[in-house]
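What follows is calculated from the coordinates using simple rules that are stated; it is not laboratory data. Predicted model, so just to flag it, every value in this text is computed and none were measured. Positions of Cβ are generated from backbone atoms using ideal geometry, with glycine treated the same way; all protein chains shown enter the neighbour counts.
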Amino acid sequence: MRKRLAILFAFSAMTILMALPATTAASTPGKFGFVNGYCTNHTVHATFKLVKKSGVYATKLTMTAQGQGFWSGKWHNEGSTSTFTKYDYSSSKFTFTDTIKWNPHEGGSHRLKVVAKIWNGGNVLAKGSDVSGYCN
């Protein structure tokens, strides 16, 4: 009888734990996204924003941009990447906003893809990516 009660108790506990939302267990250190953008001729101008939440200690925030072109039905990386860095060294809320400009020097559809990271020394605490609108 004790074994049956122990099994029933364990099953009940697991059911309750599985019912809790995932955000109860973990919180993200920040958020990242495309803010706005525009086109001049074939040049893409895109603003991205990375926010580190208060209470998270970080040493730096980075954004790595890659130009992309659209052909054969999908987006392809073009050219080299550029990384933009802001140093923080605190647990305070920190916002890193940057407008990135890219000119592919050719026609067609183009956009920017940016990967953002929040760092503590050599460890990545959070990573996210987003894309700008595209220019023709």
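Points worth noting:
- Farthest toward the positive end of the dipole of the range 27-131, out of Val131, Gly108, Tyr89, is the Cα of Tyr89, where the dipole comes from beta carbon charges about the Cα centre.
- Sequence-distant lysines (8 or more away, or on other chains) whose Cα lies within less than 16 Å of Lys74: Lys113
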